[in-house]
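Presented below is the structure to which this report refers.
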Amino acid sequence: MSLGSALITTSAVSLSATVREQGGDADPLRVIQGLAPAIGFIAAGMIFVARRSVKNLTTAASIWFSAPAGIVAGAAQYRLLAVAMGMSLTVLVLLGLLGRFGLSRSDGGSP
C-alpha cells in the first residue's frame, strides 16, 4: 500500500507544479483528495477476518495500487507509471519467491 500512496503523492505534487508553471489556477490536488478516501474505503472493504486469519490483504493492496496507477495514467505521467509498475512487479515476484520457498506466512500464524 505504501507504493500506491507514494505514487498518488508524487503524481499530485507533479501535477500541481505543472499547473502553476503554466500559469493556471486549477487545483488538481482536489481531485486526488477526493479519490484517495474512496480508494481506501473500497480496499478496506475487501479485507476480512475469519477464524483468526486475515483474508484478501493482497487484493486490497492491489486495488490501492491500481487506482493510483489509473490516476497517473490519466494524467499522462507515463514515466512515473513505468517506474511504479516496475517496482510493483519486483515486489510481486519477490513475494511469489518467498511463498514458493515456504518463507511466507499463508496460514496467518507465526512462522
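Just so you know, all these numbers are worked out from the coordinates, no wet-lab data involved. All values reported here derive from a predicted model rather than from experimental measurement. All Cβ positions, even for glycine, are placed from backbone atoms using ideal geometry, and neighbour counts span all protein chains on display.
Treat each spin label as a single point 7 Å out from the Cα along the C-beta direction, and report the Ala82 to Phe48 distance in nm.
Going from the Ala82 label point to the Phe48 one covers 4.2 nm.
Pull out a ≥ b ≥ c, the square roots of the eigenvalues of the alpha-carbon gyration tensor of segment 2-100, then state rounded if a/c is under 1.5, prolate if not and a/b is larger than b/c, and oblate in the remaining case.
Oblate, because a/c is 1.5 or more while a/b does not exceed b/c.
Explain nothing, just the number: dipole magnitude of segment 2-100 about its Cα centre with +1 on each Lys and Arg Cβ and -1 on each Asp and Glu Cβ, in debye rounded to the nearest 20.
My answer is approximately 580 debye.
Evaluate E = 1/(1 + (r/R0)^6) for Ser2 and Phe101, where r is the Cβ-Cβ distance and R0 equals 25 Å; express this FRET efficiency to the nearest 0.05.
0.55
If I take every Cα pair under 8 Å that is 6 or more residues apart in segment 1-80, average their sequence separation and divide by the length, what percent do I get for the relative contact order?
About 41 percent, as a whole number.
Enter the angle in degrees (range 0 to 90, nearest 10) between the Cα long axis of helix 78-100 and the first principal axis of the Cα atoms of the chain, meaning the one along which they spread out most.
For helix 78-100, the angle is close to 0 degrees.
What is the angle, in °, between the Cα long axis of helix 28-46 and the longest principal axis of the Cα atoms in the chain? Nearest 10 is fine, range 0 to 90.
So the inclination is approximately 10 degrees.
Mind running the shape call on segment 1-60? Use the C-alpha gyration tensor, a ≥ b ≥ c as the square roots of the eigenvalues: rounded below 1.5 for a/c, prolate if a/b tops b/c, oblate otherwise.
The shape class here is prolate.
If you line up the long axis of helix 2-21 against the longest principal axis of the chain, both from Cα atoms, how many degrees apart are they, to the nearest 10?
0 degrees
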